[in-house]
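K.L.:
Before I ask anything, here is the structure I am working with.
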Amino acid sequence: MVADSGGAEGPDASIVPLNLPQPIDVDTDADGRLIAVWVRGRRRPVAAVRAVWRVDDRWWRDTRLSRLYLSVLLDDGLLLTVFTDLLSGGWYRQSYD
Amino acid sequence: ARQREPVCSASMTFPTATVAHETILRALQALAAQLFTRPELRGRFVRYALLSASIVRRPTWQRRVAFKEPVGNPARALPAFKNALALHPPAGPVEDLTVTLGGITGETARQGSLLVEVRRQDQLREALRQLEVVMGKRPPIYQVKDVQPWSRIPEERRVLTPPSFP
């Protein structure tokens, strides 16, 4: 059992989605490559990009989805998974497991 | 239409209005004892009690006492009554007293299953019911449920839902 995380509720108020993408501020270079992320108000440079993969889904629906995921190692050793929404241009962090 | 929850009440009037906590507590215990001998409560357990008292020249005193776990006899209810009286004493002399017992459980005996998993589910279900009584609303407890664990979209894999029992 888990306590209420206070997450957004969908049409059925008794069901709470898990692991929703969380907006994150990032710094990119002139070529659009990720060079740093902002975590808890602090700028954390990216030491290495461990993996990159793309997810395209729901292409047959109005809610088309296109994301480029990156598993990045920050300079302090923290491992983070982020993605850029290829349709809106926004950046988000999200566990990918 | 919503069914009214069954409750059981008993009342008494003091010959002289009293402020003595000990007297009030003995009266509460006597009322509880009277209630637990009633046929509708025999062998059953209750989750909460409503205590109310008419106070001389003051508004009615009322306290809702939620038991930590369902009680089946007046002795088990007494510590909670004592606590309620100590923390929120009536504001003046008490003329009469009413005890209402509610949250009457369906079981006639607390018999555990031989199967560990069934017993665990029973205990969890019971704990959640009692928590609901204590909080006065559905507790914000959820369980993680796999929806599409194979999905490439992480937020589609799992959700939180209210606990459900087979």
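The values are calculated or read from the model by the stated rules, or taken from the named source; none is laboratory data. Just so we're clear, the structure is a prediction, and the values are computed from it rather than from any experiment. Cβ placement follows ideal geometry from the backbone for every residue including glycine, while neighbour counts extend to all protein chains displayed. With ligands, DNA and RNA removed, areas are computed over all heavy atoms of the protein, side chains included. Shrake-Rupley method; radii C 1.70, N 1.55, O 1.52, S 1.80 Å.
K.L.:
Condition first: surrounded by fewer than 19 Cβ atoms within 10 Å (Cβ to Cβ), of a type in the set (S, T, N, Q) and in contact with a Ser or Thr (Cβ under 7 Å, 6 or more places away or on another chain). Now tell me which residues in region B:33-73 satisfy that.
P.N.:
Residues satisfying the conditions are B:Ser52, B:Thr60, B:Gln62.
K.L.:
A:Glu9 passes all but one of (1) surrounded by 12 or more Cβ atoms within 10 Å (Cβ to Cβ); (2) facing chain B (nearest Cβ under 9 Å); (3) modelled with pLDDT under 90; which number fails?
P.N.:
Of everything listed in (1) surrounded by 12 or more Cβ atoms within 10 Å (Cβ to Cβ); (2) facing chain B (nearest Cβ under 9 Å); (3) modelled with pLDDT under 90, A:Glu9 misses just condition (2).
Results for (1) over 15 Å from A:Arg93 (Cα atoms); (2) modelled with pLDDT under 90; (3) within 11 Å of another protein chain (Cβ to nearest Cβ), shown as yes or no for each residue.
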residue	(1), (2), (3)
A:Asn19	no, no, yes
A:Arg43	no, no, no
A:Asp56	yes, no, yes
A:Leu65	yes, no, yes
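K.L.:
Right, next: Can you pull out every residue in region B:129-154 that is open to solvent by less than 30 Å² (accessible area, probe 1.4 Å) and in a helix (DSSP H, G or I)?
P.N.:
Taking region B:129-154 as the starting set, the residues that turn out to be open to solvent by less than 30 Å² (accessible area, probe 1.4 Å) are B:130, B:133, B:139, B:142, B:151, B:153-154.
Residues satisfying the conditions are B:Gln130, B:Val133, B:Pro154.
K.L.:
Out of region B:74-101, which residues are free of Cβ contacts under 8 Å to residues at least 40 places away in the same chain, farther than 12 Å from B:His21 by Cα and surrounded by 14 or more Cβ atoms within 10 Å (Cβ to Cβ)?
P.N.:
Scanning region B:74-101 gives B:Arg76, B:Ala80.
K.L.:
Also, quick follow-up: For B:Thr98, all conditions in the list (1) more than 15 Å from the chain's Cα centre (by Cα); (2) more than 14 Å from every other protein chain (Cβ to nearest Cβ); (3) part of a helix (DSSP H, G or I) hold save one; what is the number of the exception?
P.N.:
The single condition B:Thr98 does not satisfy is (3).
K.L.:
Report, by residue number, each residue of region B:8-32 that is surrounded by fewer than 16 Cβ atoms within 10 Å (Cβ to Cβ) and not in a strand (DSSP E or B).
P.N.:
Correct list: B:Val19, B:Ala20, B:His21, B:Glu22, B:Thr23, B:Arg26, B:Ala30.
K.L.:
Go through region A:38-97 residue by residue and tally those that are open to solvent by less than 80 Å² (accessible area, probe 1.4 Å) and out of contact with any helix residue (DSSP H, G or I) (no Cβ under 7 Å at 6 or more places or on another chain). Write out each step before concluding.
P.N.:
Narrowing region A:38-97 to residues open to solvent by less than 80 Å² (accessible area, probe 1.4 Å): A:39, A:41, A:44-49, A:51, A:53, A:55-58, A:63, A:65-74, A:77-78, A:80-86, A:89-92, A:94-96.
Add one more test, that the residue is out of contact with any helix residue (DSSP H, G or I) (no Cβ under 7 Å at 6 or more places or on another chain), and what stays is A:39, A:41, A:44-49, A:51, A:53, A:55-58, A:63, A:65-74, A:77-78, A:80-86, A:89-92.
Qualifying residue count, region A:38-97: 38.
K.L.:
From (1) over 17 Å from B:Pro70 (Cβ atoms); (2) assigned to a helix (DSSP H, G or I); (3) within 12 Å of chain A (Cβ to nearest Cβ), pick out the condition that doesn't hold for B:Val159.
P.N.:
Condition not satisfied by B:Val159: (2).
K.L.:
Further question: For a quick check of your reading of the model, give me the residue pairs whose first member lies in region B:128-151 and is in contact (Cβ under 8 Å) with a residue 60 or more places away in the chain, whose second is not basic (Lys, Arg), with beta-carbon atoms closer than 7 Å and at least 6 apart or on different chains.
P.N.:
B:Gln130/B:Glu69; B:Gln130/B:Pro70; B:Val133/B:Tyr48; B:Val133/B:Ala66; B:Val133/B:Gly103; B:Val134/B:Ala66
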